[in-house]
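The values are calculated or read from the model by the stated rules, or taken from the named source; none is laboratory data. Computed from a predicted model, the values in this text were never measured in an experiment. Here the Cβ positions follow ideal geometry from the backbone for every residue, glycine too, while neighbour counts run over all protein chains shown.
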Amino acid sequence: QGVFDWVSATGWVAQSDGTIQGSPDPVAVTRAHNVRLPLWPDLQNDFTDPAGTSSLLNSQSAQGTLVNTVVQSVSDNGYPGVNLDFEDMSASDKGAFTALVQMLASALHAHGAQLMVDVVPHDTGGVNQFSAAYDVPALGAAADLIDIMAYDEHGEGGSPGPVAGLDWDVSQLATTLTGLKPSRTLLGIPLYGRTWSNGTGSSSSYSEVLDQLNQAGARVDYDFSAQTPFIVSADGSTLTYFDDADSLARKINLAQRNGLTGIAAWRLGFEDPNFWTLFG
């Protein structure tokens with residue numbers, strides 16, 4: 001408990017009409033309750049339905065329904081805050097998403113609750129296709145906290161490489177922090193790795209990473225620019241990039257050097273067990 005300020009439980013998915021499907025993960029809710037750890041529900045859009053997300057964002061009625069539903073649940077369950085995780089939005093919906101954040105933040109504040117908003121970081125050259133819908137300074141002004149999701153540098157559909165190399169993190173932070181208050185900003189770090197085989201990438205937990213390492217002839221190599229390790233299979237056909245406690249410590253140090261209020265990790269259960277030794 002002493003390591004966490006709070007935990008965010010997935011399960012809420014906003015629909016195009018502003019209703020919410022699902023409920024916070026019951027396992028996470030129970031575990032948080034058992035150790036008296038504050039729980040913030042994670043509210044996602046439907047990543048598989050970008051048109052539905054756009055409809056939600058551009059409907060005042062749907063936005064109102066969503067905000068009222070969230071606030072009612074916060075009041076009923078005593079949640080101290082909500083984490084808003086909307087992704088894969090159209091750049092044309094940037095203003096509408098900002099308006100939703102402003103409305104939701106205002107409503108939560110009126111009930112004594114807080115709002116954190118997850119954002120995709122901008123590139124050194126500016127916005128990219130994944131970050132174009134985030135007016136980061138405006139979101140930072142409305143929300144209590146901003147989580148810069150510094151992942152994925154190399155996604156499942158791209159070429160093999162680190163999930164979030166330290167050099168990449170440095171450049172993403174330098175661009176995205178502009179207009180944000182570091183004291184209200186978290187660095188999102190990945191606890192998972194990624195394995196590429198036959199041109200396809202898939203997420204890997206640390207235990208799965210160890211399985212790769214235990215294969216006959218596998219070896220560990222190191223990306224010195226990214227300051228992260230990776231595993232090469234005996235025949236060179238499979239590459240597994242991952243973060244261990246040492247590389248995660250460097251990311252935490254990066255957050256500290258930039259004066260950020262902390263880190264946000266995705267997701268629990270995927271990490272190197274030695275990660276927890278970093279917190280004493």
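Selection over the range 181-223 of residues that are farther than 26 Å from GLY262 by Cβ, β-branched (Val, Ile, Thr) and either crowded, with 20+ Cβ neighbours inside 10 Å or in contact with a Ser or Thr (Cβ under 7 Å, 6 or more places away or on another chain) (or both) gives a count of 1.
For beta carbons closer than 8 Å, sequence separation of 6+ or different chains, a first residue in the range 79-105 that is touching a residue at least 24 places away in the same chain (Cβ under 8 Å) and acidic (Asp, Glu) and a second that is surrounded by fewer than 21 Cβ atoms within 10 Å (Cβ to Cβ) and part of a helix (DSSP H, G or I), the qualifying pairs are ASP88/PRO50; ASP93/SER54. With respect to the conditions (1) at pLDDT 95 or above; (2) not in a strand (DSSP E or B), GLN44 lacks only one, and its number is (2). The residues listed here are LEU166, LEU186; of these, the one that is touching a Gly at 6+ places or on another chain (Cβ under 6 Å) and among the aliphatic types (A, V, I, L, M) is LEU186.
Only one of the numbered conditions (1) closer than 29 Å to ALA174 by Cβ; (2) more than 19 Å from the chain's Cα centre (by Cα); (3) surrounded by 14 or more Cβ atoms within 10 Å (Cβ to Cβ) is not met by GLY262, and that is (2).
In the range 1-55, the residue that is surrounded by the fewest Cβ atoms within 10 Å (Cβ to Cβ) out of those that are under 21 Å from ILE263 (Cβ atoms) and among the acidic types (Asp, Glu) is ASP5.
How many of the residues making up the range 180-195 are under 13 Å from LEU254 (Cβ atoms) and in contact with a strand residue (DSSP E or B) (Cβ under 8 Å, 6 or more places away or on another chain)? Let's see the steps before the verdict.
Initially, the range 180-195 is screened for residues under 13 Å from LEU254 (Cβ atoms), giving 182, 185-189.
Now restrict to residues that are in contact with a strand residue (DSSP E or B) (Cβ under 8 Å, 6 or more places away or on another chain): 185-189.
Result for the range 180-195: 5.
Tell me, please, whether a residue that is in contact with a Leu (Cβ under 8 Å, 6 or more places away or on another chain), in a loop (DSSP other than H, G, I, E, B) and surrounded by 14 or more Cβ atoms within 10 Å (Cβ to Cβ) can be found in the range 248-259. Taking every residue of the range 248-259 in turn, at least one turns out to be in contact with a Leu (Cβ under 8 Å, 6 or more places away or on another chain), in a loop (DSSP other than H, G, I, E, B) and surrounded by 14 or more Cβ atoms within 10 Å (Cβ to Cβ). Out of ASP5, ASP93, ASP25, report the one residue that is among the acidic types (Asp, Glu) and more than 24 Å from TYR134 (Cβ to Cβ). From the options ASP5, ASP93, ASP25, the qualifying one is ASP25.
Listed here are the residues, each with its yes/no results for (1) in a loop (DSSP other than H, G, I, E, B); (2) touching a helix residue (DSSP H, G or I) at 6+ places or on another chain (Cβ under 7 Å); (3) aliphatic (A, V, I, L, M); (4) within 29 Å of LEU248 (Cβ to Cβ).
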site	(1), (2), (3), (4)
SER92	no, no, no, no
HIS109	no, no, no, no
PRO121	yes, yes, no, yes
GLY140	no, yes, no, yes
HIS154	yes, no, no, yes
GLY161	yes, no, no, yes
SER171	no, no, no, yes
THR178	yes, no, no, yes
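Of the strands (runs of 3 or more DSSP E) lying entirely inside the range 183-233, those containing at least 2 residues that are closer than 30 Å to LEU139 by Cβ and of a type outside the set (A, V, I, L, M) are 185-190, 193-197, 200-204. For GLY236, the criteria (1) farther than 17 Å from MET149 by Cβ; (2) surrounded by 14 or more Cβ atoms within 10 Å (Cβ to Cβ); (3) not hydroxyl-bearing (Ser, Thr, Tyr) hold in every case but one, which is (2).
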